[in-house]
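Trainee: Below is the structure I would like to discuss, written out as C-alpha cells.
The values are calculated or read from the model by the stated rules, or taken from the named source; none is laboratory data. The model shown is predicted, which means the values in this text are computed figures rather than measured ones. Counting neighbours? That spans all protein chains shown, and the Cβs are built from the backbone with ideal geometry, glycine included. Keep in mind that these areas ignore ligands, DNA and RNA; they rest on the heavy atoms of the full protein, side chains included. Shrake-Rupley method; radii C 1.70, N 1.55, O 1.52, S 1.80 Å.
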Amino acid sequence: MSVDSDGTEDAGWDVDPEDEQGVAVLAALGRQLKAWREEAGIRATDLGTEIGYGEDLIRKVEAGKRIPRPEYLDRADEALRAGGKIAAMKEDMEQVRYPKKVRDLAKLEGRAVEMSAYSNHNIHGLLQTHEYARALFEMWQPPQSAEEVERGVAGRMARRAIFERSPAPALSFVQEEVTLRRRIGGTMVLRGQLERLLEVARLRHVTIQIMPTDREEHAGMGGLIQVLKFSDGSAVGRSEGAFNGRPVSDPKRLRVLEQCHAMIRSQALTPRESVAFIEQVLGET
C-alpha cells in the first residue's frame, strides 16, 4: 500500500474520467459514504485521523474521484459504526476497481467454458505471479506511475479467479521456451514464476505446453493468439498477426485462429514433456 506525503495511507486509485460506468458507481458510493459520516456527526479530518487516511483523500473518495481500497471501506464501517453496511459496498466497488479494459477481459474470461492461448514474449497474464506481473508493468514504456503499476497488477491478479470457477473451464496455454528463460524481475522472480507454472499444470482442466526454440517449423510466427468459447456456442478471438490484430467473432475468422493454434499445439512439446522441460529450466535457473 502506498503512503501519502503527510504519512497517511493512500485511499486507492484515481478514477478514469472516460470510464462512464466507473464514474457513475463511484459517485453513488461517495455520496453514501459522505451521508454516513455526516449522520455520525464526524468531520472528514477526524475520520481520516481515526482510519489512517488524509482529509484530502477522504473528500476525494466522497466526491467519487478516488477508488477506495477494500480496507478503506472496512475501517470506515467500523469507525462510523455502520454495522457492515459500508463494508458491503465492496461488491459495488469491485465492479470498477480495475481499468475498464481489464474488467471487460475478466468478464469474457468469466463466461468462457474454453480458452486457448499462445504467448511468445512473456508468460500469459493468467499464469503470472504477483512479482512477475509487477516486474512487467514496471518496465512498461513509456514508464507508468506507481499507482498505474499497482492497479495493473491488482487487476491481473484478480483475473486468476478463473482457476477457481466451478464448473472449471478448459484452459490451454502454449508458451515459447524463451518466456521460461527471460529473467523478468530477476532470478528469484523467475524461479517463483516457473514454480507457479508447475503448480497450475497439475490442475486437471489446465494444459500447458512449451514450444522449443529449436523447432524448425512454427505456425505461431504471427504473434500471440487467444480464443475464448462460451456456453451458447459463440466465441471471440484475437491474434496479433491476423485481421489487423482486432478481436473477431465471425465463425470463418475464428476458424483461422483455431486452426493456427491447433497447429502450434501439434508442434509444441506434449503436456507431460512440457512439465519435464519446465522442471529442467527451473533446475538450471
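Trainee: Farthest toward the dipole's positive end in the chain, which of A219, S145, A76, given Cβ charges of +1 (Lys, Arg) and -1 (Asp, Glu) about the Cα centre?
Mentor: Looking along the dipole axis, the top candidate is A219.
Trainee: Quick one: pull the percentage of alpha-carbon pairs in the stretch 41-162 with a separation above 26 Å.
Mentor: 35
Trainee: Just to make sure I understand: if all protein chains stay in place, what is the order of W36, W140 by accessible area at 1.4 Å, largest first?
Mentor: These residues rank, largest area first, as W140, W36.
Trainee: If you don't mind, another one. Considering only G155, G84, G22, give the residue with the highest GNM mean-square fluctuation for the chain, with springs between Cα atoms whenever their separation is below 10 Å.
Mentor: G84
Trainee: Send over a whole-number figure in Å² for the accessible area per residue of the stretch 58-195, probe 1.4 Å.
Mentor: Accessible area per residue, the stretch 58-195: 47 Å².
Trainee: Another question, then. For the chain, what does the helix formula give at 222 nm: sum of -39500 (n - 2.57) over DSSP H segments with n ≥ 4, over the residue count, nearest 500 deg cm²/dmol?
Mentor: -14500 deg cm²/dmol
Trainee: When the convex hull of the C-alpha atoms of the stretch 148-245 is computed, what volume per residue in Å³ does it have?
Mentor: 156
Trainee: Residues with beta-carbon under 13 Å from that of F243, excluding F243: net charge, scoring Lys, Arg +1 and Asp, Glu -1?
Mentor: Net of charged neighbours comes to +3.
Trainee: With charges set only on the Cβ (+1 for Lys and Arg, -1 for Asp and Glu), what does the dipole of the chain come to about its Cα centre, in debye to the nearest 20?
Mentor: So the magnitude is around 900 debye.
Trainee: A follow-up question, please. What number comes out for the charge environment of A112, summing +1 per Lys or Arg and -1 per Asp or Glu over other residues with Cβ under 11 Å away?
Mentor: +2
Trainee: Could you state, as a whole-number percent, how many of the C-alpha pairs of the chain are farther apart than 34 Å?
Mentor: Cα-Cα pairs of the chain separated by over 34 Å account for 32 percent.
Trainee: Identify, among F277, L194, Q259, the residue whose Cα sits farthest towards the positive end of the charge dipole of the stretch 141-285, taking +1 on the Cβ of Lys and Arg and -1 on the Cβ of Asp and Glu, with the dipole about the Cα centre.
Mentor: The Cα lying farthest towards the positive end belongs to Q259.
Trainee: Give me the dipole magnitude in Debye, nearest 20, for the stretch 14-91 about the Cα centre, with unit charges on the beta carbon: positive for Lys and Arg, negative for Asp and Glu.
Mentor: Charge dipole of the stretch 14-91: 240 debye, to the nearest 20.
Trainee: Quick one: putting +1 on the C-beta of Lys and Arg, -1 on the C-beta of Asp and Glu, what dipole do you get for the stretch 109-149 around its Cα centre, in Debye to the nearest 20?
Mentor: It works out to roughly 100 debye.
Trainee: With the cut-off at 16 Å, report for the stretch 43-83 the share of all Cα pairs above it, as a whole percent.
Mentor: 26
Trainee: Give the peptides 206-218, 113-125 in descending order of average Cβ contacts within 10 Å, highest first.
Mentor: Descending packing order for the listed peptides: 113-125, 206-218.
Trainee: What does the stretch 213-282 give for Rg and for Dmax, in Å, if only its C-alpha atoms count?
Mentor: In Å, with Rg to one decimal and Dmax whole: 14.3, 41.
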